[in-house]
Amino acid sequence: MEQVVRLMGDLGERYGFEHTYFNLRTPGEAIKLLCINFPKLQEELVHAHEHGIGYQLVQADFALDYPDLQLPMGSNDLVLTPVVAGSGGGFGRVLAGVAIIALSFGIGAIASAGVALGGLAGIGTVGTAFVGVGASLVLGGITQMLSPQPRLPISGSQFGGSRFAGTTRTDGFQSDIRGSDGAQSYAYTGAANSVGVGATIPVVYGKALVGSHLLSANIEVTDESDPLKVPSKAKDTATATSEVRLGGEVLQFDVFTATSGVEAQRTLRYTGPQWGYLPTLKMVKNTALTIPDAFTLDSTKTGADVVLALRKGLYDFVAGPGTSVVDGGITYSVEVQDLATGTPLGSSVATIQGQLREGQQYFWIQRTNYAKPAGVSQLRIRVTIEDFKCRDTCEVQILSVGHDRDKQ
């Protein structure tokens, strides 16, 4: 049976890209024949780890590990590729060249509990180098020499992560105009790389056309032509308020519905108990307002209600004042706390979005479920602006807190 061994990269340039053999029994035997035909290849593999070079051995699109060197060869091409340290990978996929040689020539055996070395006599520099590399080098695929990049945690939504376990959350802001919500744009191309923390920085010699490692970038685009410079017409009150959404869904009147786990309802107006003053949250990220008025824990209730209102509009501009008006969005959190200690007992995060102009109002009630630990009797509400995409003149007003606000 005819079998082909391919050498990639610099190996192929020095020793030939394609080598044909017959009736090979194992991948290790193929490597052994190559080294017999090319003694300098054997020497290079033995000392490659000293220069930060490992190897991938692939057959039928499967990356071989050390034990696979003694499996039946098969008829698919065997591909040996050098890999520079820092290019990614993991255990058993990037192999030490000296270990490949050792196993191919039958020097020792790699077991799950360690490395047993034997039969070194007559091998010379190969055996000596293999001992020097050590068991940890072989068993660890050069002990993860390729420096994997750390993965950053992914938050629960576009506007930040949960404060503690048990927080319910709606979807984030969803723009009705492509690109105005900061989504990826394909208008700009060129040589550029975006990398995460821990990336290996390459060193380039000679002339090369390369990109850069971008830490951050910001592009603001304004089309001075029509229609962006033509402000959109204001919607009438009925149309505007009917299109306001919480977590991407339109709320029902006077009926609590679950929006991605957050219970809320719309109310046409609120005439129940409220304060003589109106606690108001301005559009400043991470600004919070703790309502001083406490209410009593009720063991028969499932959650605390907070009545919220938009009374100064909700909208944004595509590219600054005078350009088209688009939907605005506000992401906020409602936290139920123990009045005595301030300990959080429950939390819900939601995004309200739509297009309301000054003078158009919107009222809704959000229910936040909370734990009921022993010894807690008095509760209070804390509302925080997590993020926003709207004019900074917009406001969120808090009209009332407590149980069954919809029944007042």
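The values are calculated or read from the model by the stated rules, or taken from the named source; none is laboratory data. Since we're looking at a predicted model, the values are computed, not measured. All Cβ positions, glycine included, derive from the backbone under ideal geometry; neighbour counts span all protein chains shown. All accessible areas refer to the heavy atoms of the entire protein, side chains included, with ligands and DNA or RNA removed. Shrake-Rupley method; radii C 1.70, N 1.55, O 1.52, S 1.80 Å.
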Review point. So is LEU71 under 18 Å from PHE105 (Cα atoms) and open to solvent by 80 Å² or more (accessible area, probe 1.4 Å) or not?
Key: yes
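Name the residues in segment 332-344 that are surrounded by fewer than 21 Cβ atoms within 10 Å (Cβ to Cβ) and under 17 Å from THR167 (Cα atoms), would you? Give the derivation first.
Residues of segment 332-344 that are surrounded by fewer than 21 Cβ atoms within 10 Å (Cβ to Cβ), as a first pass: 338-344.
Hits for segment 332-344 are ASP338, GLY342, THR343, PRO344.
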Check your understanding: How many residues are part of a loop (DSSP other than H, G, I, E, B) and either open to solvent by less than 10 Å² (accessible area, probe 1.4 Å) or in contact with a helix residue (DSSP H, G or I) (Cβ under 8 Å, 6 or more places away or on another chain) (or both) when one looks only at segment 305-331?
Key -> 2
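Can we say ILE381 is farther than 24 Å from GLU249 by Cα, among the aliphatic types (A, V, I, L, M) and either crowded, with 22+ Cβ neighbours inside 10 Å or at pLDDT 85 or above (or both)?
Criteria met by ILE381.
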Exercise for review: Kindly indicate whether any position in segment 258-272 is part of a strand (DSSP E or B), at pLDDT below 85 and open to solvent by 40 Å² or more (accessible area, probe 1.4 Å).
Suggested key: yes
Review point. Checking ILE100 against (1) open to solvent by 50 Å² or more (accessible area, probe 1.4 Å); (2) within 19 Å of ARG14 (Cβ to Cβ); (3) modelled with pLDDT of 85 or more, which single condition isn't satisfied?
Key: (1)
Revision key, fill the gap. Filtering segment 1-48 for residues that are open to solvent by less than 60 Å² (accessible area, probe 1.4 Å), within 21 Å of VAL94 (Cβ to Cβ) and either touching a helix residue (DSSP H, G or I) at 6+ places or on another chain (Cβ under 6 Å) or of a type in the set (A, V, I, L, M) (or both) leaves a count of 16
Study note, to complete from the structure: Pairing a residue in segment 290-302 that is under 10 Å from GLY402 (Cβ atoms) and acidic (Asp, Glu) with any residue that is open to solvent by less than 50 Å² (accessible area, probe 1.4 Å) and part of a loop (DSSP other than H, G, I, E, B), where Cβ atoms lie under 8 Å and the two sit 6 or more apart in sequence or on different chains, gives ASP293/TRP275; ASP298/HIS403
